[in-house]
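No lab work stands behind these numbers, since they all come straight from the coordinates. Computed from a prediction, not measured in an experiment: that's the story for all the values here.
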Amino acid sequence: MKKKLGIDIDGVLTHEGGDKNNIWQKHLSNFLGYDIQRKKDAFDFTEAYGLSDDIIKKFVEHKSKEIYTKVKPAPDSRQVIQALKKRGYCIYIITARDLKYHKLTKNWLKKHDIPYDNLHHRKNKLPLIQKENIPLFIEDNKKNILQLSQNNITVIIKDRYHNRMIKEENSSLLYRADNWQQIKELIYDFFNDYPENCCSR
Ligand SMILES: [Mg+2]
């Protein structure tokens, strides 16, 4: 059986920085002309920063391209995905980024040597994940995590301030990881795929 794995980009494959001053917050401060602090641990910027939809819309329009280009990959993500590819995994990268960033995203993946089989842009990821029979997805967005697990897809939650209200211990379909070494171990456990020479695991 082909081992299919789904991966989100922003906040999972990208290194957005610490909870306190991540790349989006820095650019938002820069855009507004003053240092803004997060008011709530929410995923949506309007809610998190207490700003209007209009301001956030303008910020996202102005700054996304620069952030998507400049952001660095999460530590170890490249090495882990390269190892998975070598072991025959089929890698689906599924992002909610607008389709107009497709080329930029492809270039970013190439620049950082991150191999994959498919790159899709979906606001609602579930139908594609079901259609492709992807049993395991790595995600940080609370809404997506809950939707997928409610539909019997196992999710590795990439730990972020905005998804810590999810109680993964209450579900057999949810796991939480703080870094890509932990993600790798959870993937191998899920697929019962134990590489040789793994005594240190
Ligand atoms: Mg994300």
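Here are a few things to note about the model shown:
- Computed [θ] at 222 nm, helices only, for the chain once each DSSP H run of length n ≥ 4 contributes -39500 (n - 2.57): -11500 deg cm²/dmol
- Note on the stretch 17-70: Lys pairs 8 or more places apart or on different chains, Cα atoms under 23 Å apart, count 23.
- For a straight C-alpha distance cut-off of 16 angstrom, the aspartates and glutamates reachable from residue 123 (same-chain residues fewer than eight places away being disregarded) are 8, 10, 44, 98, 139, 140.
- Amide H contacts of residue 72 (H built 1.01 Å from N, under 5 Å, at least 5 apart or other chain): 15
- Under 5 Å from the amide H of residue 120 lie the amide H atoms of 93, 94, 95, each residue being 5 or more positions distant or on a separate chain, with H modelled from the backbone and absent for Pro and chain starts.
- Rel. contact order, % - alpha carbon contacts under 8 angstrom, at least six apart, the stretch 17-70: 25
- Once the Cα atoms are used to define both axes, helix 23-32 deviates from the longest principal axis of the chain by about 10 degrees.
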